[in-house]
Amino acid sequence: MSPDRPVAPRPINRLSRRHLMALAGLAAATPLGVGLRPAPAAAESDDDAAYQRAFQQLLATDPGVLPHGEPGREFLYRPRQLLVADPDTQRVITALRKVGHQVTPGGRFAGVTRLHFDREADVPSVVTKLRDPQQWPGQPVPRVQPHHVLLGYGNIMGNPGGPPQVAAALPAPDPAHAGDGAGVTVGICDTGVWRLAGTRHPQWLGGSYLPQVDDEDPLYLHTDVLGPQGGHGTFVAGVVRQAAPGVRFDPEPALNPIGVGDEEMLAAALAALSPQVSIINLSLGCLTQDDLPPLPLTNVLAARPAGVVVVAATGNTGTNRPAWPAALPGVLGVAAVSRGTTGLVPAPYSGFGSWVDACADGERTSTYVDGRLLLPGRPAKQFLGYAAWAGTSFAAAHVSGRLAAVMTATGLDAEQARQFLLSQPAWHPGYGVLVD
């Protein structure tokens, strides 16, 4: 599959003139700015490098994550695990045992069976051999893959490549927009939500979700020291609510505070979402072996209720390699733009390509958590409930909120609102429509 493969055009339903006029102020496209993004200050650049080092150090000590480091084809995966489409499982087990691999079924989820190797194995090489049509004369090639880790490799896929920065409190919500998104529920599959989010941010998050113990973000590595992605879900929720202050959200954990998840964790989070959810925000993703769409995510998103729209971040690798699930047909993939000296420009960290549907400003200030972020060789950052952060995660969250605002402003359902946004002129090649 080409890293920049075309996506089949989506049909656009005709909207009434009333709808079009109501949407005019909600989704205007802005011409590409000609200015360059200012270079980050030295301290900010040092923070970014230290943040990546801290993340890599934590990742290196995680026995449940292995990197495939072939240049241009990097991805992360769970060691000693192979995922096989359910109908192909027995054929694959027989073939593997025939060449000396001892594997046992280890459970099923989202239409795949997890096979466990009894010892260390080069899973990517095994997958390559199993995908070779010459190994299956007269038979269809089985659908197999590693169990991908939801991060990507070389950067924190779906999450910011730099750390949050301490920020002042947000002003109170604008009463004129208090009803934007009212009656709409956005599912947020992320790190979960801070236990104190509603009480610490009563104007922005209080009463906007149902607090549940199993939805809590653990946040801390120890004492009050934050994991690299601790509080990410709370930040994302605040971005959604800023775009649509009346919206409700349903947080479900799919990543740990370090920022590590996998396909099974995301499938479980999606399954746990409330039936009232009409928009799903996925500020996360993965790169895959051979840039093929991941089987479990393809299956679980294809089975979502009719009319539910999925919005996903395109990732922070700065390349046109497809990030999943953002690149799946039917998923609204969102890239990030930055504010340059003379206007908006493509964010240098953002994923891009013809598989991208929309873009939005990725530099946001939002609700956050209390705690300290310790980075190697850098002064400790002490957070008191608010932060500024940049990444495609937050561009996606903004688009999710704007979709909800469109729905309440016009009476459109989520799918119709998505179709309208995607019917606007492209802002820039490889970045799709700009959503203000």
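The values are calculated or read from the model by the stated rules, or taken from the named source; none is laboratory data. All values reported here derive from a predicted model rather than from experimental measurement. Glycine gets a Cβ as well: all are built from the backbone with ideal geometry, and neighbour counts include every protein chain shown.
Of note:
- Residues in the stretch 385-436 that are over 29 Å from Ala169 (Cβ atoms), in a strand (DSSP E or B) and small (Gly, Ala, Ser): Gly432 alone.
- When residues of the stretch 192-222 are limited to those that are assigned to a loop (DSSP other than H, G, I, E, B) and touching a Phe, Trp or Tyr at 6+ places or on another chain (Cβ under 9 Å), the one farthest from Ala312 (Cα to Cα): His201
- Sub-6 Å Cβ pairs linking a first residue in the stretch 310-333 that is in contact (Cβ under 8 Å) with a residue 24 or more places away in the chain and assigned to a strand (DSSP E or B) to a second residue that is of a type in the set (Lys, Arg) and buried (at least 24 other Cβ atoms within 10 Å of the Cβ), at least 6 apart or interchain, are Leu332/Arg418, ordered by first then second residue.
- From the list Arg241, Arg200, the lone residue that is farther than 30 Å from Ala60 by Cβ, surrounded by 24 or more Cβ atoms within 10 Å (Cβ to Cβ) and at pLDDT 95 or above is Arg241.
- Single residue of the stretch 273-301 satisfying the filter (in contact with a helix residue (DSSP H, G or I) (Cβ under 9 Å, 6 or more places away or on another chain) and assigned to a loop (DSSP other than H, G, I, E, B)) that is nearest to Val184 (Cα to Cα): Ser283
- For the stretch 301-318, the set of residues classified as surrounded by fewer than 21 Cβ atoms within 10 Å (Cβ to Cβ) and either of a type in the set (Val, Ile, Thr) or outside the structural domain of Ser350 (by TED's automatic domain parsing) (or both) consists of Val308 only.
- Of all the listed residues (Leu412, Leu422, Leu403), the sole one being at pLDDT below 95 and either of a type outside the set (Phe, Trp, Tyr) or closer than 19 Å to Tyr51 by Cα (or both) is Leu422.
- Residues within the stretch 64-80 that are surrounded by fewer than 16 Cβ atoms within 10 Å (Cβ to Cβ) and either at pLDDT below 95 or charged (D, E, K, R) (or both), tallied: 4
- Restricting the stretch 81-115 to residues that are in a strand (DSSP E or B) and either polar (S, T, N, Q) or not assigned by TED's automatic domain parsing to the domain that holds Val126 (or both), the residue that is surrounded by the fewest Cβ atoms within 10 Å (Cβ to Cβ): Thr104
- Some residue of the stretch 137-154 being basic (Lys, Arg), in a loop (DSSP other than H, G, I, E, B), under 24 Å from Gly315 (Cβ atoms) and at pLDDT 95 or above: yes
- Cβ-Cβ under 7 Å pairs, at least 6 apart or on other chains, the stretch 81-96 side within 12 Å of Pro146 (Cα to Cα) and modelled with pLDDT of 95 or more, far side part of a helix (DSSP H, G or I) and of a type outside the set (A, V, I, L, M, F, W, C): Leu83/Pro296
- Scanning the stretch 233-270 for residues that are in a strand (DSSP E or B) and of a type in the set (A, V, I, L, M, F, W, C) yields a count of 1.
- Which numbered condition His428 fails, given (1) touching a Leu at 6+ places or on another chain (Cβ under 6 Å); (2) surrounded by fewer than 24 Cβ atoms within 10 Å (Cβ to Cβ); (3) at pLDDT 95 or above: (3)
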